[in-house]
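Heads up: the structure comes next, in structure tokens.
The values are calculated or read from the model by the stated rules, or taken from the named source; none is laboratory data. On a predicted model such as this, the values are computed, not experimentally measured, just so you know. Glycine also receives a Cβ, built like all others from the backbone with ideal geometry; neighbour counts cover every protein chain displayed. Surface accessibility is based on the protein's heavy atoms, side chains included, excluding ligands, DNA and RNA. Shrake-Rupley method; radii C 1.70, N 1.55, O 1.52, S 1.80 Å.
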Amino acid sequence: MSEIERADEAHGQGSTALAKSGSGVPERFENPGLPPHRHRLGDVDPQAAKRAERQVAFMLLLSVLGSIGVIASIVGIEYNGGWDRISTSTRAIGLCMFVSLFMLGVGAVHWAKTLMPDDERIDYRHRQRGTTAEREQAVAILKEGSAEAGLGRRPLIRNTLIGALALFPLPAVFFFRDTGPLPGNSLSETMWEEDTYLVKDPTGGRIRAADLSYGTVVHVMPEGIDELEEPLNEKAKSAVLLMRLDEDLLTPKSAEWGVDGIVAYSKICTHMGCPVALYEQQTHHLLCPCHQSTFDVTQDCKVIFGPANRPLPQLPIRVDAEGYLQASSGFHEAVGPSFWERG
């Protein structure tokens, strides 16, 4: 008996006799078969099929309207600083996105349940790689399934489905655009420029070079930063540490950009942007408390330990006629974390 004949017999298509072992337990059970196929209304009534097609198209059109609604909610409801606008915008976006996703899913399910073939079929287990004839048969089945999906015969569903899928990812573009204006070079530029005075953070007040003793560390900001519309954003970039060391310990570059051993370096770690606020006076090391990056002030704040990828940028400083410290220029390189554009 061949494999197919044995399979036929096992599925009730051949002999129904049951072989029993010595213990009385059948070695093979009779195939109970499949219940009679129940035809759907759309299978026997062309009008019902047409009605189901229109219902699917209507659901997909609602999905299209939901996607358009998300975009309209982002663009049309402008933020004016009040929580009422934020609440209205969030609710409108959420409702429209729900309609877009829900109707797209419901339309696909309704299409499958009412219009796609639902005949019961038996697929016998066979070797993982079939014969050439079996592989050709598989291709034929795939082509048959594609034809049975009805995309060619039902252009209304096809066109509305294309429209729904085409518009569905479009709101994501507006979501990303709505996160705020493009930063441009604002992440790399700071408030520091020529003639900007160094003031203490957070008390304020200009700093005299003569008031700084050896081993002193002062947290400083550019003068006028508190008058900005968004001072916290600028503080996140412009924070600086001011230190005074023996000038013989500094490199020629550090000494040139400093004043009598007083040097200023960015306080923003070049790893993840944490504040580098721990100074070891004996070793002249700056430490980042977040991920333990360590910078050597005597080597132009070179990284000697930790994940940071580049030294802390130095701010060139000088003394004015009254002895106050001021920047002789802005930073010569971008402050803050390193990323693919900053090595």
Query raised in the report: Which of the aspartates and glutamates could be linked to Lys113 by a straight reach, that is with a Cα gap under 19 Å, when you skip same-chain ones fewer than 8 residues away?
Result: Asp43, Asp45, Glu53, Glu144, Glu148
Query raised in the report: Can you tell me the accessible area per residue over the stretch 35-191, all protein chains present, probe 1.4 angstrom, in square angstrom?
Result: 71
Query raised in the report: Between Val44 and Leu165, what is the FRET efficiency for a Förster distance of 30 Å, r being their Cβ-Cβ separation, to the nearest 0.05?
Result: 0.45
Query raised in the report: Once every DSSP H run of n ≥ 4 in the chain is given -39500 (n - 2.57) and the sum is divided by its residues, what mean residue ellipticity at 222 nm do you get, rounded to the nearest 500 deg cm²/dmol?
Result: -12000 deg cm²/dmol
Report task. Would you check the accessible area of Cys288, probe 1.4 Å, heavy atoms only, in square angstrom rounded to 10? Result -> 0
Query - Cα-centre dipole for the chain with unit charges at Cβ (Lys and Arg positive, Asp and Glu negative), debye to 20 - result: 1940
Query raised in the report: What distance in nm separates the simple spin-label points at Leu232 and Glu189, each placed 7 Å from Cα in the Cβ direction?
Result: 2.4
Report summary line: For the stretch 176-240, the dipole about the Cα centre with charges only on Cβ (Lys and Arg +1, Asp and Glu -1), to the nearest 20 debye, works out at 300
Report task. Return one whole number: the accessible area per residue of the stretch 266-343 in Å², for a 1.4 Å probe. Result -> 46
**Report entry** Apportionment of accessible area to carbon and sulfur, the chain, percent (1.4 Å)
**Finding:** 57
Query raised in the report: Within the chain, which is the longest segment containing none of the GluC sites (Glu not before Pro) that sit in a DSSP loop and have at most 10 other Cβ atoms within 10 Å?
Result: 121-228
Report task. Within the stretch 250-343, list the trypsin sites (Lys or Arg not before Pro) lying in a DSSP loop whose Cβ has at most 15 other Cβ atoms in a 10 Å radius. Result -> Arg342
Query - Farthest toward positive dipole pole in the chain [+1 Lys/Arg, -1 Asp/Glu at C-beta], among Leu65, Val139, Pro26 - result: Pro26
Report summary line: Ignoring chymotrypsin sites (Phe, Trp or Tyr not before Pro) buried by more than 16 other Cβ within 10 Å or outside DSSP loops, the longest site-free run in the chain is 215-338
**Report entry** Options [x] 80, 66, 38; [y] 109, 60, 38; [z] 86, 53, 33 - which one matches Cα extents along the principal axes in Å as calculated here
**Finding:** [y]
Query - Furthest towards positive pole of dipole, Leu161, Ser338, Leu228, structure part the chain, Cβ charges - result: Leu161
Query raised in the report: Cβ under 10 Å from Gly204's Cβ, Gly204 left aside: what net charge do those residues give with Lys, Arg +1 and Asp, Glu -1?
Result: -1
Query raised in the report: Given labels modelled 7 Å from the Cα in the Cβ direction, how far is it in nm from Ile77 to Glu134?
Result: 5.7
**Report entry** Positive-end extreme of charge dipole, the stretch 188-343 - chosen from Leu245, Trp257, Cys274 (charges on Cβ)
**Finding:** Cys274
